[in-house]
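Structure first, commentary second.
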Amino acid sequence: MPGAADSAHGAVNRPLDMVKNMPTDLLGREYETFPAPKSLHQHGPARIIAMCNQKGGVGKTTSSINIGGALSQYGRRVLIVDFDPQGAATVGLGINANTVENTVYTALFDASIDVHEIVQHTEFENLDIMPANIDLSAAEVQLVTEVGREQILASVLRQVRNEYDVIIIDCQPSLGLLTVNALTAADGVIIPVAAEFFALRGVALLMQSIDKVRSRINPSLEVYGVLVTMYTRTLHCEEVLQRIYEAFQEKVFHSVISRSIKLPDANVAAAPITVYAPGHKTAKEYREVARELIARGIVA
């Protein structure tokens, strides 16, 4: 049940802020619970975040939707760029990818199209999406012959950057030209890592790719954090969590995302879990990630 403070401030400004004071996280690190963020009086320019890991099934799309959903409930204007030909983020926010005429693929290769015509408003306040579908699978081949091929997405997002507080790019599970475009356009990267041994194996390769993009194309690119997903209280998960911390230290987010049946349920319902089941533990965890991003100054 909400506490007295939550009732006093109302649900509009503080959407189910029921994360209690937690003196330590699962790694034993002490920190103060991140406060509910204040409202913004103006919006933009957006911080661009690439949600990136070349391994599939680690929670990139789920985290893009739910971090975006949590931030939108805190009054931040959010654009999710679906940069995966599977179009999961598009479908996960209630847009039929197969019936959309113009997608992010159109934006990449047709300079005559106004990007605003491609952006779709979802039924959730402050949350928009630039949709994708299977057409995007052809982009890797086409980009090879394009001039400035690594910077095309950056030029697309430049047209709408001032209208949002955060743009989240949901990357495909590969390290090809689409992902390089995302890393070139981004200010920073969030790396979702599932709490399982095999999920750790490819992270070193991803870090090498990030370092190459930083040294050759985008020197300001940062790693904003590593988000541990699909966590259960087992010895295996605890050992993996410790290994992740040994590798990334304070880059590991304080909040860990639990494995939950509610997440696929929310995907089927085409809604962020913060809307579908706002009182659920996993919804609180994603709100805590959103609050950490704001408290650390990554998002305004």
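The values are calculated or read from the model by the stated rules, or taken from the named source; none is laboratory data. Not measured: the values here are computed from a predicted model. Counting neighbours? That spans all protein chains shown, and the Cβs are built from the backbone with ideal geometry, glycine included. To get the accessible areas, we keep the full protein, side chains included, count just its heavy atoms, and leave off ligands, DNA and RNA. Shrake-Rupley method; radii C 1.70, N 1.55, O 1.52, S 1.80 Å.
Tabulated values for the structure
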quantity: Count of residues meeting criterion [among the acidic types (D, E) and touching a Lys or Arg at 6+ places or on another chain (Cβ under 9 Å)] in segment 185-209; calculated: 1
quantity: Leading residue by the ranking (surrounded by the fewest Cβ atoms within 10 Å (Cβ to Cβ)) among those in segment 259-295 that are within 16 Å of the chain's Cα centre (by Cα) and more than 23 Å from E123 (Cβ to Cβ); calculated: E292
quantity: Conditions (1) open to solvent by less than 10 Å² (accessible area, probe 1.4 Å); (2) assigned to a helix (DSSP H, G or I); (3) in contact with an Asp or Glu (Cβ under 9 Å, 6 or more places away or on another chain); (4) over 21 Å from Q54 (Cα atoms): number failed by V299; calculated: (2)
quantity: Odd one out for Y231 among (1) open to solvent by 30 Å² or more (accessible area, probe 1.4 Å); (2) in contact with a Cys (Cβ under 8 Å, 6 or more places away or on another chain); (3) not small (G, A, S); calculated: (1)
quantity: Of all residues in segment 82-135 being closer than 18 Å to A269 by Cβ and hydroxyl-bearing (S, T, Y), the one that is farthest from the chain's Cα centre (by Cα); calculated: T122
quantity: Whichever residue in segment 54-79 is in contact with a Pro (Cβ under 6 Å, 6 or more places away or on another chain) and at pLDDT 95 or above and, among such residues, is most open to solvent (accessible area, probe 1.4 Å); calculated: Q73
quantity: Out of E125, E101, sole residue that is of a type outside the set (F, W, Y) and modelled with pLDDT under 95; calculated: E101
quantity: One residue from L183, L227, L263, L205 being touching a helix residue (DSSP H, G or I) at 6+ places or on another chain (Cβ under 7 Å), farther than 19 Å from G69 by Cα and in contact (Cβ under 8 Å) with a residue 12 or more places away in the chain; calculated: L183
quantity: Conditions (1) open to solvent by less than 30 Å² (accessible area, probe 1.4 Å); (2) at negative phi: number failed by H41; calculated: (1)
